[in-house]
Structure formats: structure tokens, C-alpha cells
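Below is one structure, written out as C-alpha cells; comments come after it.
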Amino acid sequence: MRNKYLKDMMYAAVFTGLMTVLGWISITLPVLPAPITGQTLGVMLAGVILTPKQAGLSMTTYIALGAAGLPVFQKGGAGIAYLTGPTGGFIIGFLIGAIVISLIKGDGKGTLKVGAACIVGGMLAVYAIGIPWLCFEITGSLFSWPHVVSTLAFVPGDIIKVFIATMIGVRVNKSLEYQLSA
């Protein structure tokens, strides 16, 4: 039991670190109300490689560290303001998205199933929480056509991240199975 707990904590720490590093990959475009970051790739990888418990623990740790003031959010940002501001919904969406991916990926070795899980969890779940939150923070309404349309700029990059996470995740999952059976 103790080894399982240690393994869960170790995986959570690794993916919390990955989320922090990927937060430094950030592109701010004037037409977007939030930056494009590499963090959704981290969410997808966590969901594809980890169990639902481990994925949830990694994202919860990431969010808690950032809320406590450690510079883990986009470009080293930190504090409660990130969670209550325009990007807060996306950050909370990371937690939900990683768990959703992990729940629907199956054994994580089927490319189509993993890719679909990344789209549903890594894009749709994150967008479903992040976009209304963003609109509300900017306009006071849960829906604003200009802001919703502007977030379509996230889609091409996220499709690329789905492809990358699927290829890496399937390969890692197959490798882990091989190592465990050897």
C-alpha cells in the first residue's frame, strides 16, 4: 500500500513539473483574451499516461502550488488571481480534462481511442469550463460571441497537441506494459 502511495505521489510530481515547464511555452496574440500555452499538452499526457487518481492528483498539486504562490502557472505566474481571473476556468479545466482523458482512454494503447480521449478531455472539457469563465470575467456574461469566436484560434494548436500526446502516450503505455511484463 505504501509503495502505491509513493508511486502516485511520484507520478503526480513529475507531471506537475511538466505542466510548469510547458507553461513557459506561451504565445500571446492580440486577438486572444488568453495566451496559447503548452499546458494543454501536459494535461493530455497526464490523462493518457496516468490513472485517473494520479492525473487528478497531478493537476490538483499543480493548481494548489500555483494558488499558494509558487511560480507554476503560465510564464511563471502564481497566486489566487490566476484562478479567479480570465484564465482560471482553463486552469480548473485542466483538472477535469486530465481525469476525463484518463477515464475514457481505455488501456491507453489504442491510437484512435487515446486521440478521441484527448479531444474530449483535453479540448472539449477544458473549453467547456474555460470559455464561459473567460467570457464572464471579461463581459459579466457566460457567453460572448466575439470572445467565443476568438477562442477558435486555440483549436489548430490543440489539434497538434492531441496528435503529439496520442503518439507519445501510446508509445509510453506500450513501453510501460513491456517493462512490467519483463
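Values quoted throughout were computed directly from the atomic coordinates according to the rules given, and no laboratory measurement underlies them. Since the model is a prediction, treat every value here as computed from it, not as a measurement. Every residue, glycine among them, receives a Cβ derived from its backbone with ideal geometry; neighbour counts consider all protein chains shown.
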Fewest-first sequence of F154, F73 by Cβ atoms within 10 Å of each Cβ: F154, F73
Signed unit charges on C-beta, dipole axis of the range 2-181, positive-most listed residue T28, Q39, G110: G110
Size of charge dipole - the range 2-181 - debye, nearest 20, with Cβ of Lys, Arg +1 and Asp, Glu -1, no other charges: 520 debye
Take the Cβ-Cβ distance between A78 and K109 as r, set R0 to 45 Å, and report the resulting FRET efficiency rounded to the nearest 0.05. 0.75
Distance from the Cα centre of the range 115-182 to that of the range 24-78, in angstrom? 11 Å
Pairs of lysine residues in the range 2-181 - Cα separation under 30 Å, sequence separation of 8 or more or cross-chain: 29
Paramagnetic label zone (point 7 Å from Cα along Cα-to-C-beta, L6; backbone N under 19 Å) in the range 30-59: 54
For the chain, averaging the sequence separation of alpha carbon pairs under 8 Å that lie six or more residues apart and dividing by its residue count, the contact order in percent is 24 percent
Neighbouring Cβ atoms within 10 Å as the yardstick, rank Y11, Y5, Y62, Y127 fewest first. Y5, Y11, Y127, Y62
Total formal charge among the other residues, if their Cβ is under 13 angstrom from that of G38, Lys/Arg +1 and Asp/Glu -1: +1
On a full-extension model of 0.36 nm per residue, what is the gain between L29 and L70, subtracting their alpha-carbon distance, rounded to one decimal in nm? 12.2 nm
Given only helices, namely DSSP H runs of n ≥ 4 each adding -39500 (n - 2.57), what is the per-residue ellipticity at 222 nm of the chain, to the nearest 500 deg cm²/dmol? -22000 deg cm²/dmol
Dipole-positive endmost among A78, V172, V155 within the range 2-181 (Cβ charges, Cα centre): V172
